[in-house]
1. Got a sec? Which strands (runs of 3 or more DSSP E) wholly within segment 176-269 have at least 2 residues that are small (Gly, Ala, Ser)?
2. Is it true that some residue in segment 34-51 is more than 26 Å from residue 222 (Cβ to Cβ) and touching an Asp or Glu at 6+ places or on another chain (Cβ under 7 Å)?
3. Limited to segment 234-261, what total is found for residues that are free of Cβ contacts under 8 Å to residues at least 60 places away in the same chain and either within 21 Å of residue 166 (Cβ to Cβ) or of a type in the set (D, E, K, R) (or both)?
4. Looking at segment 327-336, which of the residues that are part of a loop (DSSP other than H, G, I, E, B) and either of a type in the set (Ser, Thr, Tyr) or touching an Asp or Glu at 6+ places or on another chain (Cβ under 7 Å) (or both) is farthest from residue 309 (Cα to Cα)?
5. Scan segment 307-366 residue by residue and report those that are of a type in the set (D, E, K, R), under 20 Å from the mean Cα position of the chain (by Cα) and surrounded by fewer than 17 Cβ atoms within 10 Å (Cβ to Cβ).
6. Quick one: is residue 393 under 28 Å from residue 244 (Cα atoms) and not in a strand (DSSP E or B)?
Amino acid sequence: MEIQDPNPCRVIGVLDDGIASLNQTALALLRSADVIVGGTRTLALLAPEFKPGAVRHDLTGKLKEVPEWVRAARADHLSCVVLATGDPLCHGIAPYLAQHLCVQALDILPNLSTLQLACARIGLAWQDARIVSVHAKDAGEWQRGSTPGYGLYALAQATRQHARLLVLTSPDNSPDRIARLLLAEGLGDDFLMAVAENLLQPEERVVAELTPQQASEMRFAALNVVLLWRVTPTARPVRFGLADAQFVQRQPEKGLITKQEVRAVSLARLQLRADSVVWDIGAGSGSVGLEAARLCPQGHVYATEKNEADFAIAGQNHANFGVSNYSLFLGKAPEGLDAWPDPDAVFVGGSGGELATLIGGVMSRLRPGGALVMNFVTLENLATATATLQALEGVDWDVLQLQAARSKPILHMHRMAAENPVWIVCARRAEASIKEVGDE
């Protein structure tokens, strides 16, 4: 039987109308508290309700100190209250306190979320909406192709996967910046926006049904939340097996692309998961990496191409694909790979003469259970690859030769026209090697 903590820390949700937002229980706990923790604005808003002599701690910029303040108060048998905004369990402080203290040490009294209030103002159902927080340090303007470490990355990803979004903003990561993200992602005609400012304050304002173009040129109050909803049908793209013609290719030269049949087998051998980190080395037109990005909606694809003309073509294809989890770099591998996270899957479509070095580097970085897949059309590169893999310890590898033939019209009939044969080389760490890495 679980024993109730006799003196839990009360985590109380507060809104910007002050005591009017608190029920009688929450207000009584606040008025009797010996120690009160909160942000600068919230402490000032409720200061008249504190009992004389109550100790105040301003957590602004001092979040890491809050658990110790709570521990100290409880050790001295003092009643402690932490003031949070809205619902403390919705991108609030309560999960952080539970992690650093324990759930039994907390008594959470939630309030309405500001997102819930904003939805109520415009009559937007929110039970199926995705909540995203960009309430952090200045993330800078969104750049298409940014990597997961970028502050607005989660929001860019969510716009591809959800029809309704509720966004917690910050003064820097503002509604106009969010609108410009939508424009950069080519979604300017797909979403409408609402901005709810200064909720429950005399200067409250709700601006609804803004287009991203309109919002991108406006300025808003520092305290706001953003609602986004899709006004066009959600895209239902083919995830796997795209036709070669759907990719921009170098002209007048033809065939500078991993053909559909080879691409399908190569992607299958990569054994991708929803959250895989993928490297595409020698991206060419970008066909393999862009299909991989669609197959890994919670993962990310890092692609590199040394040829400037092909780099530009891969960039065009990226612009035409509805993915935000793909980053393309101009360079010759292995240069630049040190900055990428360790991969779950690596595809090599071109090596620029550095094949042996590249294979060794990739196998040393590959995560346990990961796969390296390489495509070759020359005997020399095939020989280099197999010799290099043979010399590596703890690596399982195999070679698949694939030769497809496609039907072509001839008079009123059809003939089969053979494509060039391609060798697909696949490598993994041996099971023993994988266990050793996992045990370290």
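The values are calculated or read from the model by the stated rules, or taken from the named source; none is laboratory data. Owing to the predicted nature of the structure, the values given are computational and were not obtained by experimental measurement. Cβ: placed from backbone, ideal geometry, glycine included. Neighbour counts: every protein chain shown. Only protein heavy atoms, including side chains, enter the accessible area calculation; ligands, DNA and RNA are left aside. Shrake-Rupley method; radii C 1.70, N 1.55, O 1.52, S 1.80 Å.
1. In segment 176-269, the matching strands (runs of 3 or more DSSP E) lie at 191-197.
2. Taking segment 34-51 and keeping what is more than 26 Å from residue 222 (Cβ to Cβ), we get 34-35, 51.
Now restrict to residues that are touching an Asp or Glu at 6+ places or on another chain (Cβ under 7 Å): none.
No, every residue in segment 34-51 fails to be more than 26 Å from residue 222 (Cβ to Cβ) and touching an Asp or Glu at 6+ places or on another chain (Cβ under 7 Å).
3. Going through segment 234-261, the residues free of Cβ contacts under 8 Å to residues at least 60 places away in the same chain turn out to be 236, 238-246, 251-257, 260.
Going one step further and asking which of them are either within 21 Å of residue 166 (Cβ to Cβ) or of a type in the set (D, E, K, R) (or both), we end up with 236, 239, 244, 253-254.
Going through segment 234-261 one residue at a time, the tally reaches 5.
4. Of segment 327-336, the ones part of a loop (DSSP other than H, G, I, E, B) are 331-336.
Next, from what is left, pick out any that are either of a type in the set (Ser, Thr, Tyr) or touching an Asp or Glu at 6+ places or on another chain (Cβ under 7 Å) (or both): 333-334.
Numbers: 333: 17, 334: 20 Å.
Within segment 327-336, the match that is farthest from residue 309 (Cα to Cα) is 334.
5. If the condition is that a residue be of a type in the set (D, E, K, R), under 20 Å from the mean Cα position of the chain (by Cα) and surrounded by fewer than 17 Cβ atoms within 10 Å (Cβ to Cβ), then 342 is the only one that fits.
6. Taking the combined requirement at face value, the residue does not satisfy it.
This table checks each residue for (1) of a type outside the set (Asp, Glu); (2) in contact with a helix residue (DSSP H, G or I) (Cβ under 8 Å, 6 or more places away or on another chain); (3) in a strand (DSSP E or B); (4) loosely packed, with under 15 Cβ neighbours inside 10 Å.
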| residue | (1), (2), (3), (4) |
| --- | --- |
| 10 | yes, yes, yes, no |
| 30 | yes, yes, no, no |
| 37 | yes, yes, yes, no |
| 45 | yes, yes, no, no |
| 48 | yes, no, no, yes |
| 56 | yes, yes, yes, yes |
| 64 | yes, no, no, yes |
| 69 | yes, no, no, no |
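Results for (1) among the aliphatic types (A, V, I, L, M); (2) not in a strand (DSSP E or B), shown as yes or no for each residue.
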{"site": "338", "(1), (2)": "no, yes"}
{"site": "361", "(1), (2)": "no, yes"}
{"site": "372", "(1), (2)": "yes, no"}
{"site": "398", "(1), (2)": "no, no"}
{"site": "401", "(1), (2)": "no, no"}
{"site": "408", "(1), (2)": "no, no"}
{"site": "423", "(1), (2)": "no, no"}
